[in-house]
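In what follows, a single structure is set out as structure tokens and then discussed.
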Amino acid sequence: MCTTTLYQYSSTEISFQLKCGHCGEITQKETYVSLVETVPLPIGKGHTHLVQKCKFCGRDGTITMITGRGRPLTHADSEAAKSAPLMLFECRGFEPLDYVFRGEWEAKSLEGTKFEGIDLSGDEFAEYDEKGECPVMVSKPSATFNVVR
Ligand SMILES: [Zn+2]
């Protein structure tokens, strides 16, 4: 029996709650950013992935996703109970809080079979890799935000 599987994550849709860096107000609804949806920066030139106004103090904040700095979670990571940096964000005016597992994820078995459109909102994904003849499973995903300088 094949005991474990490699799973590889990639996601371009990220959901979280935001805390205002000015007054500390926490957004009621989760905020969603996507790599494919950009908006112009409120001040200056360039684009960002989210411009949001704090409902309490009215200040604007932006969240920009920076590509090329993240990597998928590997089998070795999960064996060692380590996390992988999936995406880097430049946050101005807001601090991201609870990450919400929404959107579609991808996993790859150790045999290389790809599984797409995985929904992790239910905390668990289980499939069977016919080619590799082993179960593919993702369970109890967790996420944290770490500050990089
Ligand atoms: Zn505020």
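Throughout, read-outs are computed from the coordinates displayed, never taken from laboratory work. Note that this is a predicted model, so its numbers are computed, not measured. Every residue, glycine among them, receives a Cβ derived from its backbone with ideal geometry; neighbour counts consider all protein chains shown.
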Checklist outcome for this item: Flagged as over-length at 25 Å C-alpha distance, from Lys53/Lys82; Lys82/Lys131; Lys19/Lys108; Lys114/Lys140, the pairs are Lys53/Lys82; Lys82/Lys131; Lys19/Lys108
Item to check | Estimated FRET transfer efficiency (Lys55, Ser139; beta-carbon r; R0 25 Å; 0.05) | outcome: 0.10
Checklist entry - Fully extended, how many nm does the chain gain between Leu35 and Cys23 (0.36 nm per residue separation, minus their Cα-Cα distance)? => result 1.6 nm
Checklist entry - Once the other residues with Cβ under 9 Å from the Cβ of Phe16 are scored (Lys, Arg +1; Asp, Glu -1), what is the net sum? => result -2
Checklist entry - Using the Cα gyration tensor of the stretch 13-139, with a ≥ b ≥ c the square roots of its eigenvalues, what is the shape: rounded (a/c below 1.5), prolate (a/b larger than b/c) or oblate (neither)? => result prolate
Checklist outcome for this item: Counting only DSSP beta bridges with both partners in the chain, the antiparallel fraction in percent, to the nearest 5, comes to 100
Checklist entry - Per residue of the chain, what 222 nm ellipticity follows from adding -39500 (n - 2.57) for every DSSP H run with n ≥ 4, rounded to the nearest 500? => result -500 deg cm²/dmol
Checklist entry - Going by the alpha-carbon gyration tensor, a ≥ b ≥ c the square roots of its eigenvalues, is the stretch 82-140 rounded (a/c under 1.5) or, if a/c is not under 1.5, prolate (a/b greater than b/c) versus oblate? => result prolate
Next on the checklist: Using the Karplus curve 6.51 cos²θ - 1.76 cosθ + 1.60 with θ = phi - 60°, what ³J(HN,Hα) values do you get for each residue of the stretch 64-78, in whole Hz, with x for Gly and Pro?
Outcome noted: 10, 8, 10, 7, x, 10, x, 8, x, 6, 9, 4, 4, 4, 5
Checklist entry - Given the C-alpha centroids of the stretch 65-88 and the stretch 109-149, what is the distance between them in whole angstrom? => result 13
Checklist entry - Any idea what the relative contact order of the chain is, in percent, if you count C-alpha pairs under 8 Å spaced at least 6 apart? => result 27
